[in-house]
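Working notes, structure below.
The values are calculated or read from the model by the stated rules, or taken from the named source; none is laboratory data. Quantities reported herein were computed from a predicted structural model and do not represent experimental measurements. Glycine gets a Cβ as well: all are built from the backbone with ideal geometry, and neighbour counts include every protein chain shown.
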Amino acid sequence: MTQKLFAADALLPEGWARNVLLAWDDAGRLTQVQAGAQRPTDTQAASGPVIPGMPNLHSHAFQRAFAGLTEHRAEQHDSFWSWRTLMYRFAARLGPQHMEAIATWLYAEMLEAGYTGVCEFQYVHHDVDGRPYADDATLSLALLRAAKKVGIGFTLLPVLYQTGGFGEQPPTEGQRRFVRSTESMLRLLEALKPQCDAQGARLGLAPHSLRAVPPEGLRDAVAGLEAIDRTAPIHIHIAEQTKEVDDCVAWSGLRPVEWLLDHAPVDERWCLVHATHMNDAEYEYAARSGAVAGLCPTTEANLGDGIFDFAKWRSHGGAWGVGSDSHASVNAAEELLMLEYSQRLAKRQRNVGASAAQPHVATALTLEAVQGGARASGRATGGLAAGQQADFVVLDASHLALQGLSAPDMLSAHVFASHRTSAIDGVWVAGRPRVSAGRHALHDEAAAAFVAARTQLLQD
């Protein structure tokens, strides 16, 4: 049965439109997006502007329970690498029940914050001793259950992790729960494929990084994935830290992005997560490949990674999206704000994210991030257009920050002038309401389970 929603203002792929009628089928796929329409008498009207739901293209779910616990000096010069050591200690205690409880709350938070889908970069595979579970998919299945429970769109990316550094250095003790052979990874993907298909989730692969996957492992894993699904998304951490760049040059004579593009079949299926430290040639080379740059501005700021040259990437037509990564912040609008503000600080300019087609920064960034995030997700969630999934967010026109404004200015106020979740009224995924009046139905239950899981982990 066709369902409908009428919006006085809606953000379509080509820009803002007035009096838009949205219609979708039982599968949650948009069948009609008509601007300039009359509201049918039997059709619900949105309480404010309707914007496309944001795909979250990079998540490590368990790290939400770790957020805020490293904001103290542990070394003379704290960095990503000292943070990673503390994160490994936390990951060492995690069990399947903890993973599911943390992810359930996190995914409910994401929905309340305007994300309608998430790409889960899942690298904790084994038990606390580093041995495979009796069911090798145990922790991945916990994440699938969490996503199904809260109703968020899902792309599962099991992580291939094999070495502790460039040149096939042995893994450290802290990495024992991550490491697996290429053959075992392909068996895991084959086992997970029917589970994902049954849930409407997408399955892909995440070679962790060039330092963690040797060339032969990368080659064979990508070839094996293609035998399972030639269109499956592939995500990889790359060029996040200057040390990583220096180590890659010492190992291969090439910078990480340069090496990857020269040695792997990088195309539109790939998401280059972070890609913070590229030279001019790499920006052009990577953009031309069609790969999506996976930007995680709040995490990159939290870890002191550096600043992606957004204007340069855009000048080459590069696709991009945003993710919440370590979940120091879980807020789609916050990622856009941090991206824009980092560019302003670096360039000492304002409104860097505006485009020729869209002079309003929030509008331009939202449309581009939705498109890039959908491509990285491998799912039809690229905006409010027929054939795409009915994933959308309804802003609250009665919110103090939004009252009396035009639709473009309401979105600007949501991103730059509100608390960035407070102006969200409703969130719909595949045509089903998941957040009403700003809250998910499982908010209280999921929050309590999260607190209990985190408390147990910190006491163990």
Worksheet item: Quick one: which of Leu210, Leu160, Leu186, Leu156 is out of contact with any His (no Cβ under 7 Å at 6 or more places or on another chain), assigned by TED's automatic domain parsing to the domain that holds His58 and closer than 21 Å to Ala103 by Cβ?
Response: Leu156
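When the residues of the stretch 131-155 are filtered to those that are assigned to a strand (DSSP E or B) and in contact with a helix residue (DSSP H, G or I) (Cβ under 6 Å, 6 or more places away or on another chain), which remaining residue is farthest from Gly431 (Cα to Cα)?
Going through the stretch 131-155, the residues assigned to a strand (DSSP E or B) turn out to be 153-155.
If we keep only those that are in contact with a helix residue (DSSP H, G or I) (Cβ under 6 Å, 6 or more places away or on another chain) too, we end up with 154-155.
On the way: Phe154: 15, Thr155: 18 Å.
My answer is Thr155.
Applying the selection to the stretch 304-326, what residues are under 24 Å from Asp78 (Cβ atoms) and over 17 Å from the mean Cα position of the chain (by Cα)?
Going through the stretch 304-326, the residues under 24 Å from Asp78 (Cβ atoms) turn out to be 304-308, 323-326.
Once the filter is applied, which keeps residues that are under 24 Å from Asp78 (Cβ atoms) and over 17 Å from the mean Cα position of the chain (by Cα), the stretch 304-326 yields Gly304, Asp305, Gly306, Ile307.
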Discussion item. Which pairs turn up if I take residues in the stretch 269-289 that are without any contact (Cβ under 8 Å) to a residue 60 or more places away in the chain and look for partners that are outside any loop (DSSP other than H, G, I, E, B) and among the polar types (S, T, N, Q) with beta carbon separation below 7 Å, at least 6 apart in sequence or on another chain?
Written reply: His277/Thr242
Worksheet item: Taking only pairs six or more apart or across chains, which ones have beta-carbon atoms under 6 Å, a first residue in the stretch 31-60 that is without any contact (Cβ under 8 Å) to a residue 24 or more places away in the chain and not assigned by TED's automatic domain parsing to the domain that holds Asp396, and a second residue that is of a type in the set (Phe, Trp, Tyr) and exposed (fewer than 15 other Cβ atoms within 10 Å of the Cβ)?
Response: none
Worksheet item: Can you name the condition, by its number, that Ala198 falls short on among (1) touching a residue at least 12 places away in the same chain (Cβ under 8 Å); (2) under 28 Å from Gly95 (Cβ atoms); (3) assigned to a helix (DSSP H, G or I)?
Response: (1)
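Just to confirm my filter: which helices (runs of 4 or more DSSP H) fall fully inside the stretch 260-358 and include at least 2 residues that are within 30 Å of Arg230 (Cα to Cα)? If you could, list the steps in order and put the result at the bottom.
Working: elements: 280-289, 297-302, 310-315, 332-347.
Ranges flagged: 280-289, 310-315.
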Fill in: For Leu442: the one exception among (1) under 24 Å from Lys148 (Cβ atoms); (2) in contact with a strand residue (DSSP E or B) (Cβ under 8 Å, 6 or more places away or on another chain)
(2)
Worksheet item: If you go through the stretch 264-271 one residue at a time, do you hit one that is under 22 Å from Arg84 (Cβ atoms) and of a type outside the set (Asp, Glu)?
Response: yes
Item to complete: State whether one or more residues within the stretch 26-39 are of a type in the set (Gly, Ala, Ser), part of a strand (DSSP E or B) and surrounded by 15 or more Cβ atoms within 10 Å (Cβ to Cβ).
Response: no
Response to the item:
Checked against (1) surrounded by 16 or more Cβ atoms within 10 Å (Cβ to Cβ); (2) at pLDDT 95 or above; (3) more than 25 Å from Gly383 (Cβ to Cβ), Leu457 satisfies every condition except (2)
Worksheet item: Any idea how many residues of the stretch 159-170 are in a strand (DSSP E or B) and surrounded by fewer than 23 Cβ atoms within 10 Å (Cβ to Cβ)?
Response: 2
Worksheet item: Of all residues in the stretch 220-238, which are out of contact with any Asp or Glu (no Cβ under 8 Å at 6 or more places or on another chain), surrounded by fewer than 16 Cβ atoms within 10 Å (Cβ to Cβ) and without any contact (Cβ under 8 Å) to a residue 60 or more places away in the chain?
Response: Ala223, Glu226, Ala227, Arg230
Discussion item. Cβ-Cβ distance below 8 Å, separation of 6 or more or different chains: which pairs start in the stretch 293-317 with a residue that is touching a residue at least 60 places away in the same chain (Cβ under 8 Å) and in the same structural domain as Asp78 (by TED's automatic domain parsing) and end on one that is charged (D, E, K, R) and part of a helix (DSSP H, G or I)?
Written reply: Cys296/Glu335; Gly306/Glu300
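Against the definition (closer than 28 Å to Ala401 by Cβ and modelled with pLDDT of 95 or more), how does Arg434 come out, yes or no? Full working, then the answer.
Values: closer than 28 Å to Ala401 by Cβ: yes; modelled with pLDDT of 95 or more: yes.
Here the answer is yes, as Arg434 does meet what is asked.
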Item to complete: May I ask you to list pairs of residues, at least six apart or on different chains, whose Cβ atoms are under 9 Å apart, with the first in the stretch 1-17 being touching a residue at least 12 places away in the same chain (Cβ under 8 Å) and the second being part of a strand (DSSP E or B) and acidic (Asp, Glu)?
Response: Trp16/Asp9; Ala17/Asp9
Worksheet item: So Gly68 clears everything in (1) surrounded by fewer than 19 Cβ atoms within 10 Å (Cβ to Cβ); (2) in a strand (DSSP E or B) except one condition, right? Which one?
Response: (2)
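Can you name the residue in the stretch 118-130 that is among the β-branched types (Val, Ile, Thr) and in a loop (DSSP other than H, G, I, E, B) and, of all such residues, is surrounded by the fewest Cβ atoms within 10 Å (Cβ to Cβ)? Steps first, please.
Let us first name the residues in the stretch 118-130 that are among the β-branched types (Val, Ile, Thr), namely 118, 124, 128.
Subsequent filtering for residues that are in a loop (DSSP other than H, G, I, E, B) retains 124, 128.
Values: Val124: 22, Val128: 14.
Filtering first and then ranking leaves Val128.
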Item to complete: Return the total of residues in the stretch 255-284 being closer than 18 Å to Leu218 by Cβ, surrounded by 17 or more Cβ atoms within 10 Å (Cβ to Cβ) and not charged (D, E, K, R).
Response: 13
